[in-house]
Amino acid sequence: MSLFRTAFRPSVLTARVRQYATEAAPKTKSNLLPLTLALGGVGGLGYYVYATRTGAASPPLASALNPDEFVTFSLKKVVPYNHNSSTFTFALPPNTSSKLPVASCVVVQAADPEALKDKKGNPVVRPYTPTSAADNTGEIEFLIKKYETGVMSKYIHSLKPGDSLKIKGPIHKFPYKENEFDEVTLIGGGSGITPLYQVITHALASPFNTTKFKLLFSNVTEEDILLREDLDALAKKHPKTLEVVYLLDKPKPDWKGATGFINADVIKKYVAPPSQERTIVFVCGPPGQVAALAGKKAGFQQGEIGGVLKELGYTAEQVFKF
């Protein structure tokens, strides 16, 4: 053990303070307070050293979620994002977080299962990916777009602070591993950006990331682009590892970005060819877009590879549908 470590061992330091107090200080009552404070400081130092080494100073957060059953959470606040989307923040118990691994999502249902049922009489359940960080303490956030044909999205948009929603998770999607791929292309549409955003923010937060990400994000209008400020900030901060391309179906005359649907020409222009090793394409968007690009999903299963990506030669191992 080094001299420094020996000198600052709590037991050694305590003994030296006591020795000094005995030899140097007059034995009067007025000296009891400084001695008590000194010993208290040594004890505090000893606990600090112990806590720092053992992690006791900051105990790990517990998960507020349960992968096996729904847990009811109260809506804390609603913040409008644009004309048809809002951020919904739900309160979690103190000292807990979502602890969601990347990539994963949760499934939600109405707090009253009788309030929202499908045609077969079963409670409606839908998957959502939070936009808040997995270690965000005491709350979980969802950016949700209201679709006129979306039963759950319309229901959630009807909730007010104080109302509740049942949440279950995590639901594991793709086991992302750092630097497993040289290049990752993320193709998203509308609110399908959320799982792609989860992957991007997680990967780029690491100083050891070397994977290059290309995001092709299609929307109807410029006002429909979700998380644009966040994505632009990430692209500016990581110019060598993130490229973002926005495509609009109905752009305004002053729009200078790409237009139209994501088709074979767009993929050839921006996506690494299927012949390139260590590359993968993530797809998430409206069912019609996913089917056209990569083939229909089979419920929560991937389904067969199809669409434009299959025509261009991409294999099932090179494409993942969220």
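Of the set (1) outside any helix (DSSP H, G or I); (2) of a type outside the set (S, T, Y); (3) over 24 Å from the mean Cα position of the chain (by Cα), all apply to P239 but (3). L234 fulfils the conditions (1) within 22 Å of E178 (Cβ to Cβ); (2) surrounded by 14 or more Cβ atoms within 10 Å (Cβ to Cβ); (3) out of contact with any Leu (no Cβ under 6 Å at 6 or more places or on another chain) except for a single criterion, (3). The set of residues in the range 137-157 that are of a type outside the set (D, E, K, R), surrounded by fewer than 19 Cβ atoms within 10 Å (Cβ to Cβ) and in contact with a helix residue (DSSP H, G or I) (Cβ under 6 Å, 6 or more places away or on another chain) contains only Y147.
In this structure, is K237 of a type outside the set (S, T, Y) and either in contact with a Phe, Trp or Tyr (Cβ under 6 Å, 6 or more places away or on another chain) or not assigned by TED's automatic domain parsing to the domain that holds G313 (or both)? Spelling it out, it is not the case that K237 is of a type outside the set (S, T, Y) and either in contact with a Phe, Trp or Tyr (Cβ under 6 Å, 6 or more places away or on another chain) or not assigned by TED's automatic domain parsing to the domain that holds G313 (or both). Just one residue in the set K177, K160 is farther than 21 Å from S74 by Cβ and part of a loop (DSSP other than H, G, I, E, B); that residue is K177.
Looking only at residues of the range 115-136 that are touching a strand residue (DSSP E or B) at 6+ places or on another chain (Cβ under 8 Å) and exposed (fewer than 15 other Cβ atoms within 10 Å of the Cβ), we find that the one that is farthest from K173 (Cα to Cα) is K117.
Can you confirm whether K77 is touching a residue at least 60 places away in the same chain (Cβ under 8 Å) and at positive phi? Taking the combined requirement at face value, the residue does not satisfy it. Scanning the range 255-267 for residues that are under 13 Å from L204 (Cβ atoms) and either touching a Ser or Thr at 6+ places or on another chain (Cβ under 9 Å) or in the same structural domain as L143 (by TED's automatic domain parsing) (or both) turns up nothing. If you check E311 against the conditions, is it over 19 Å from A103 (Cα atoms), touching a Phe, Trp or Tyr at 6+ places or on another chain (Cβ under 8 Å) and not assigned by TED's automatic domain parsing to the domain that holds V124? Spelling it out, it is not the case that E311 is over 19 Å from A103 (Cα atoms), touching a Phe, Trp or Tyr at 6+ places or on another chain (Cβ under 8 Å) and not assigned by TED's automatic domain parsing to the domain that holds V124.
The values are calculated or read from the model by the stated rules, or taken from the named source; none is laboratory data. Keep in mind that this is a model prediction, so the values were computed, not measured. Heads up, the Cβs are rebuilt from the backbone with ideal geometry, glycines too, and the neighbour counts pull from every protein chain shown.
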